[in-house]
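One structure is given below, encoded as structure tokens.
The values are calculated or read from the model by the stated rules, or taken from the named source; none is laboratory data. Please read these numbers as outputs of a predicted model, since none were measured by experiment. Cβ atoms come from the backbone with ideal geometry, glycine included; neighbour counts cover every protein chain shown.
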Amino acid sequence: MSFDYDLFVIGGGSGGVRAARVAAGEAGAKVALAEEDRYGGTCVIRGCVPKKLMVFASEYSGMIEDAQAYGWDVQPGAFDWDMFHGKLVAELDRLEGIYRSILKNNGVESFDQRARLVDAHTVELTDGTRKTAKHILIATGGRPVVPDFPGSDLAITSNEIFHLDKLPESILIVGGGYIASEFAGIMNGLGVKTTQFYRGAQILRGFDEEARGLICEEMRQNGIDVRLGTNVLEMAKDGDQIRVKATDGTEDRFDVVMYATGRAPNADNLGLEELGVERGRKGEIVVDEYSQTAVPSIYAIGDVTDRVNLTPVAIREGMAFVETVFKGNPTPVDHALIPTAIFTQPEFGTVGLSEEEASAQEPIDVYATSFKPMQKAFAGGTQRVLMKLIVSQATRKVLGCHIVAPGAGEMIQLAGIAVKMGATKEDFDRTVAVHPVMAEELVTMRQPVRSA
Ligand SMILES: Cc1cc2nc3c(=O)[nH]c(=O)nc-3n(C[C@H](O)[C@H](O)[C@H](O)COP(=O)(O)OP(=O)(O)OC[C@H]3O[C@@H](n4cnc5c(N)ncnc54)[C@H](O)[C@@H]3O)c2cc1C
């Protein structure tokens, strides 16, 4: 049977673009890709990249204060949202252009349209054109969802936060996950009066409790009104503002309310059910370790499969798919010990098991230290950092490493290599400290602070 293409990719985000490029450029496959919105997907257009640029923008307010404490004659001025936003839009346009040319230069034919499946080898585009392919890869990502309650239509999500007409004077951010917590820090740093509601007992559920506690404490020190155990009851328009009734009995007005309480996989209306592609509890596409669905010619990678929803993971899954299907080298994706950074202020870098997860699994020793870093302490700051290692008593392997500190994202990339290699606490100790840096504590902690 002959097909129009060897591979048709649906979705031009992190995973889809990488898979298409490598299949065409390295494996010589005939590849097409459909993207209904902008190339680069969530990460480039409305996720990691614009977020990190906003983190950078927001950190300058604190830096100016620190610079004064170090003797610099500098005065904080106002933040110019219009100027920053103009540059941000131009940068995203530039990056989208790069993604388009990556596809073109590798010989991938692209269609600026939505695609859906018609059968196990056929895709239909918005204009009704049908294309056949030996293999179909679904890489359609996910989207933010706002729960249904009175006034919920007044809320924006992370999709809109990058394109506000003007910087609000006040914002309510609802949610306790990494996106909500990162944007609380961003908005606060930009000078917006920031409130964060989270219905649970502590933000950043699932991560190490000591780290979560310190981050929340520092966010409050920075001026964010973090209200735990609090949710929105209802919202209503009140002039230019939004009146919010909360479960803690309070009623406040905000210029903007942003919801970051959850995301859903983009797997609806793709024609999956008719074909027998299995969906999970959240609607995600169920795949095996090779990213293959219940229909052998159809694969899925990235956020639409809801495994570990991070850009480098979607990319890995895309490359493993190409290895498996086009290079004759079956490659399962290794989802263990993925280092990751959360760009809260302070930043959080983490790999492996939290203290709570590890102690539920086996006897552990916990090495941890929390201190005022030199740079901030000299400037009179009260901020603390945390360096923490979770160590197996039986094997002495470092099961988890958790860092709350400026630059923690950079540090955890490197610590992640050691942890992934199976380094023991003694391997860490054999490594000579770099002095004077915060991370030297990772190799100088002698006694466990507790065992569990
Ligand atoms: C605010 C925010 C911050 C984030 N920060 C980070 C971070 O710091 N680090 C990190 O690693 N990850 C981060 N992420 C997660 C990261 O963006 C995702 O894990 C990653 O983009 C997933 O890639 P993907 O290829 O699965 O999907 P996406 O990048 O979402 O791409 C899917 C593409 O498919 C298109 N599409 C959907 N349906 C169709 C269809 N039927 N036909 C044609 N096209 C379609 C969409 O328009 C989209 O472009 C963040 C996410 C958000 C929302």
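Where strands (runs of 3 or more DSSP E) fall entirely within segment 227-285, those with at least 2 residues that are exposed (fewer than 15 other Cβ atoms within 10 Å of the Cβ) and either within 12 Å of the ligand (Cβ to nearest atom) or of a type in the set (D, E, K, R) (or both) are at 232-238, 251-254. Looking across segment 31-46 at every residue that is part of a strand (DSSP E or B) and of a type outside the set (Gly, Ala, Ser), the one that is farthest from the ligand (Cβ to nearest atom) is identified as Val31. Screening Gly229, Gly249 for residues that are under 28 Å from the mean Cα position of the chain (by Cα) and among the small types (Gly, Ala, Ser) leaves exactly one candidate, Gly229.
May I ask you to list the residues in segment 2-17 that are near the ligand (Cβ under 8 Å from one of its atoms) and on the phi < 0 side of the Ramachandran plot? Listed by number, the residues that qualify are Ile10, Gly12, Gly13, Ser14, Gly15, Gly16, Val17. Sub-8 Å Cβ pairs linking a first residue in segment 305-332 that is in a helix (DSSP H, G or I) and away from the ligand (no atom under 14 Å from the Cβ) to a second residue that is among the polar types (S, T, N, Q) and at pLDDT 95 or above, at least 6 apart or interchain, are Glu323/Asn329; Glu323/Thr331; Thr324/Ser291; Thr324/Thr331, ordered by first then second residue. Contact map, segment 422-446: residues that are without any contact (Cβ under 8 Å) to a residue 60 or more places away in the chain paired with residues that are polar (S, T, N, Q) and surrounded by 13 or more Cβ atoms within 10 Å (Cβ to Cβ), Cβ distance under 7 Å, separation 6+ or inter-chain. Pairs shown: Ala433/Thr444; Val443/Thr431. Being surrounded by fewer than 19 Cβ atoms within 10 Å (Cβ to Cβ) and within 24 Å of Gly185 (Cα to Cα) is not true of Val44.
A Cβ distance below 9 Å, combined with a sequence gap of six or more or placement on separate chains, defines the contacts here; from segment 1-20, residues that are in contact (Cβ under 8 Å) with a residue 40 or more places away in the chain and part of a loop (DSSP other than H, G, I, E, B) reach residues that are within 8 Å of the ligand (Cβ to nearest atom) and of a type in the set (D, E, K, R) in the pairs Gly11/Glu35; Gly11/Glu36; Gly12/Glu35; Gly12/Glu36; Gly12/Asp37; Gly12/Arg38; Gly13/Glu35; Gly13/Asp303. Taking the criterion of being basic (Lys, Arg) and buried (at least 17 other Cβ atoms within 10 Å of the Cβ), the only residue of segment 100-109 that qualifies is Arg100.
Residue-wise test of (1) away from the ligand (no atom under 15 Å from the Cβ); (2) crowded, with 17+ Cβ neighbours inside 10 Å; (3) modelled with pLDDT under 95.
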site	(1), (2), (3)
Lys134	yes, yes, no
Ile138	no, yes, no
Val146	no, yes, no
Asn159	no, no, no
Ser170	yes, yes, no
Ile179	no, yes, no
Met187	no, yes, no
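Could you tell me whether Gly25 is more than 16 Å from the ligand (Cβ to nearest atom) and either surrounded by 16 or more Cβ atoms within 10 Å (Cβ to Cβ) or at positive phi (or both)? In short, yes. Checked against the criteria, Asp112 counts as surrounded by fewer than 20 Cβ atoms within 10 Å (Cβ to Cβ), within 10 Å of the ligand (Cβ to nearest atom) and in contact (Cβ under 8 Å) with a residue 60 or more places away in the chain. In the condition set (1) outside any loop (DSSP other than H, G, I, E, B); (2) among the polar types (S, T, N, Q); (3) under 16 Å from the mean Cα position of the chain (by Cα); (4) farther than 30 Å from Glu426 by Cα, Thr350 is compliant with all but (4). Only residues that are in contact with a Leu (Cβ under 8 Å, 6 or more places away or on another chain) and of a type in the set (Phe, Trp, Tyr) were counted in segment 85-118, giving 1.
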